[in-house]
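Report on the structure given below.
The values are calculated or read from the model by the stated rules, or taken from the named source; none is laboratory data. The shown structure was predicted, so the numbers you read here are calculated from the model rather than taken from an experiment. Neighbour counts are summed over all protein chains in view; Cβ atoms, including those assigned to glycine, are modelled from backbone coordinates with ideal geometry. These accessible areas exclude ligands, DNA and RNA; they are computed on the full protein's heavy atoms, side chains included. Shrake-Rupley method; radii C 1.70, N 1.55, O 1.52, S 1.80 Å.
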Amino acid sequence: MQDMTTDELAELLTQLELSTEDSRDELLTDFLVRPYPTKSTQDN
């Protein structure tokens, strides 16, 4: 698992501020899947 850089975090926060509710859900899902991959991706 690769750590998120401060630049990547700042970009995510900017995107969240500018996003609609639907795109915000997608951004947050992507953010959570990165540090906490699903079991199926861990098994590969």
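Yes/no per residue for (1) open to solvent by 90 Å² or more (accessible area, probe 1.4 Å); (2) among the β-branched types (Val, Ile, Thr); (3) at pLDDT below 90:
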| position | (1), (2), (3) |
| --- | --- |
| 9 | no, no, yes |
| 29 | no, yes, yes |
| 34 | yes, no, yes |
| 40 | no, no, yes |
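Working only within the stretch 11-24, note down all residues that are loosely packed, with under 10 Cβ neighbours inside 10 Å and either in contact (Cβ under 8 Å) with a residue 24 or more places away in the chain or in a loop (DSSP other than H, G, I, E, B) (or both). Within the stretch 11-24, just 20 meets the criteria.
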